[in-house]
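Below is one structure, written out as structure tokens; the observations come after it.
The values are calculated or read from the model by the stated rules, or taken from the named source; none is laboratory data. Since this is a predicted model, take the numbers as computed values, not measurements. FYI the Cβ positions are ideal-geometry reconstructions off the backbone, even for glycines, and counts take in every protein chain you see. Just so you know, the surface numbers come from the protein's heavy atoms only, side chains and all, with ligands and any DNA or RNA stripped out. Shrake-Rupley method; radii C 1.70, N 1.55, O 1.52, S 1.80 Å.
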Amino acid sequence: MPLVPMKQILDEAMKKNYGVGAFNVNNMEQIQGIMRAAKETQSPVIVQASRGALKYTNMYYIKHMVEAAVEDNPEIPVALHLDHGNSLQTCKLAIELGFTSVMIDGSLKEDSKTPTSFDENVEVTKAVVQYAHSLGVTVEGELGTLGGIEDGVGSGKVKLTDPDEAARFIKITGVDALALAIGTSHGAYKFKVDPSLAKNMLKMEIIKQVREKAPDTPLVMHGSSSVPKELIDIVNSYGGNLPHAVGVPISAIQEAIKLGIKKINVDTDGRLAITGAIRKFFAENPAEFDPRSYFGAARQAVYEVVKGKMIDFGTAGHASDYKPLTLDDMKKIYS
Ligand code: G3H
Ligand code: 13P
Ligand code: ZN
């Protein structure tokens, strides 16, 4: 099947109350690891590329690698999504490339650092929705700002989402999905507390309140990596230095899914899995220099991490639940 609109994947998840992982990709091994996990667990999946990923891959490689993944796995619904689009222009570029979904992160200005006002966010988000929907493409917006700065993305300041504003934002802009700020941040250092207390740092009531006010809109949680101790231990025991890394516990994500989160953004855990696998490989095989051996180990590590999440988020087994829609179908639905 061709790439599917993300809206369909999320609407199906709403009906059956499970979550769908949105996994960041930058290279072939990440894509293959994710697709193997999706195939084995029969899960729909969202593959997402940031602006950094577009730059790193010179855009066309991402497009064609994901198209290859779709051709290789015809029974798996896959949406290709732009993560943290910063302008109408970037979203247009992704749509021209063939992405079936875009995020316009209007919570920050085009520099991806300076917070915007509610009205500025509405203005840019509305413009993206108007353009994307005319072509059948899904739009994710964001209201509130996450903590942490990832490769220059993020203000470094947290502004939790106001549920009343969120409901108003959804209504005015017509977004298909909304990212909430509930206390998570990007990267491997989400909370300055012991991992056992990390769950208490999230404001679950924000999800509940937004869901009550906007019951039909799938909600999105950025910064959802769990930063598992096993992965950190592998990195650190083979020469890495990631002290005090803390992520979002799986139990918190499962609770968030029940309350209304349907798209769960994961990048850091994939990075940790790759880094640990390659460090371990080189430590154990100092004479090896065939890149397929260590990139192969990295691909295996991505597969294992993603497979676990597809099971934990409840996505497993849902690939064949529905008849995939095309962007042309979506155009009619939106018009
Ligand atoms: O939202 C941030 C994601 O982890 C993407 O990170 O911009 O370094 O590709 P990146
Ligand atoms: P993590 O850094 O927790 O993986 O979050 C990724 C993300 O939100 C991408 O948009
Ligand atoms: Zn994000």
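Can you name every residue in region 212-230 that is within 16 Å of ligand 3 (Cβ to nearest atom) and among the small types (G, A, S)? Passing the criteria: G223, S224, S225, S226. Is there a residue being of a type outside the set (S, T, Y) and within 16 Å of ligand 3 (Cβ to nearest atom) anywhere in region 240-250? Checked region 240-250: at least one residue is of a type outside the set (S, T, Y) and within 16 Å of ligand 3 (Cβ to nearest atom). Where strands (runs of 3 or more DSSP E) fall entirely within region 68-170, those with at least 1 residues that are away from ligand 2 (no atom under 16 Å from the Cβ) are at 78-85. Comparison of V246, V266 shows that the only residue that is touching a strand residue (DSSP E or B) at 6+ places or on another chain (Cβ under 8 Å) and within 22 Å of D83 (Cα to Cα) is V266.
Within region 241-251, one or more residues are closer than 21 Å to G308 by Cβ and either assigned to a helix (DSSP H, G or I) or more than 14 Å from ligand 2 (Cβ to nearest atom) (or both).
Within region 13-35, the set of residues being surrounded by fewer than 20 Cβ atoms within 10 Å (Cβ to Cβ) and closer than 21 Å to T326 by Cα comprises M14, K15. May I ask you to say which residue of R279, R292, R299 is touching a residue at least 60 places away in the same chain (Cβ under 8 Å), of a type outside the set (S, T, N, Q) and outside any loop (DSSP other than H, G, I, E, B)? Of R279, R292, R299, the one residue that is touching a residue at least 60 places away in the same chain (Cβ under 8 Å), of a type outside the set (S, T, N, Q) and outside any loop (DSSP other than H, G, I, E, B) is R299. Scanning region 227-285 for residues that are at positive phi, open to solvent by 20 Å² or more (accessible area, probe 1.4 Å) and at pLDDT 95 or above yields one hit, G239.
Checking I206, I172, I182 one by one, the residue that is within 16 Å of ligand 3 (Cβ to nearest atom) and farther than 18 Å from H244 by Cα is I182 and no other.
Within region 197-222, residues that are closer than 25 Å to F23 by Cα and free of Cβ contacts under 8 Å to residues at least 60 places away in the same chain reach partners that are among the polar types (S, T, N, Q) and surrounded by 17 or more Cβ atoms within 10 Å (Cβ to Cβ) with beta carbons closer than 6 Å, at six or more positions or on different chains, in the pairs I206/T161. In region 36-65, the residues that are under 21 Å from T268 (Cα atoms) and open to solvent by less than 50 Å² (accessible area, probe 1.4 Å) reach residues that are small (G, A, S) and not in a helix (DSSP H, G or I) with C-beta atoms within less than 6 angstrom, at least six apart or across chains, in these pairs: S43/A316; S43/A319; P44/A319; I46/A22; I46/A79; Q48/A22; I62/A49. For region 286-323, filtered to residues that are open to solvent by less than 60 Å² (accessible area, probe 1.4 Å) and β-branched (V, I, T), the residue that is nearest to the chain's Cα centre (by Cα) is V306. Of all residues assigned to region 73-80, at least one qualifies as being within 16 Å of ligand 1 (Cβ to nearest atom) and modelled with pLDDT of 95 or more.
When you scan region 203-226, how many residues do you find that are in a helix (DSSP H, G or I), more than 12 Å from L143 (Cα to Cα) and open to solvent by less than 10 Å² (accessible area, probe 1.4 Å)? Summing the residues that are in a helix (DSSP H, G or I), more than 12 Å from L143 (Cα to Cα) and open to solvent by less than 10 Å² (accessible area, probe 1.4 Å) in region 203-226 gives 1.
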